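Chemist: Supplied in structure tokens, the structure appears directly below.
What follows is calculated from the coordinates using simple rules that are stated; it is not laboratory data. Remember, predicted model here, so these are calculated numbers, not experimental data. Counting neighbours? That spans all protein chains shown, and the Cβs are built from the backbone with ideal geometry, glycine included.
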Amino acid sequence: MRPVTIGLALATLLAIATVAWARPPAAELAGVRIGMREDRAHAVLAKRGTRGAERAERDREEEQETWTLRSGPWAYVTFGVSDARVHWITAFARPAGPRVRYRDLGPLPTARRSGRYYVMWQVPAAGGTPAYSIVARGTDSTYVKSVSLSQAGRQHREAAEPDSAR
């Protein structure tokens with residue numbers, strides 16, 4: 001074989017191995033993880049922002065909370081609680097802040113697309129983390145506007161709707 005052919009073959013094998021060994025998307029947004037205790041989520045978010053007082057009453061009725069974050073890529077985060085544990089999280093991008101790419105969330109070759117700018121990952125249970133799904137939405141093919149994580153079997157309404165259905 002010629003050196004160029006060998007080099008191309010090695011590059012192809014390396015690319016395949018990278019995808020195969022790629023880590024699944026994290027079960028965390030803005031420091032809040034699927035399965036995290038509610039009081040721990042409060043402690044993490046209190047360091048990063050403030051709880052939305054105007055929505056507090058409605059949030060209590062729906063067993064969810066909304067927090068406004070001071071910095072970073074996420075302007076605010078909402079999460080759902082059941083049995084004192086977080087079972088879904090949605091983070092909304094800061095309009096004029098650092099941007100998050102779809103590829104920053106997880107390996108795109110392992111994702112499924114639905115609609116134009118709607119990318120989903122299904123992640124099996126591993127270690128102490130239950131199975132979960134990630135849904136990233138955007139208005140272009142590179143950057144996300146919001147990301148939702150939900151524990152398998154406990155998907156919340158917003159994460160279930162593709163952008164073409166809105």
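Chemist: Hey, fewest Cβ within 10 Å first, where do Tyr132, Tyr76 land in order?
Modeler: Lowest to highest Cβ neighbour count: Tyr76, Tyr132.
Chemist: Calculate I(q)/I(0) for region 24-165 by the Debye formula, one identical point scatterer on each C-alpha and no solvent, and give its log10 at q = 0.08, 0.10, 0.15 Å⁻¹ to two decimals.
Modeler: Per q value, in the given order, log10 I(q)/I(0) is -0.19, -0.31, -0.71.
Chemist: In addition: Taking other Cβ within 10 Å of each residue's Cβ, how do Val44, Val123, Val77 sort, fewest first?
Modeler: Taking fewest neighbouring Cβ atoms as first place, the list is Val44, Val123, Val77.
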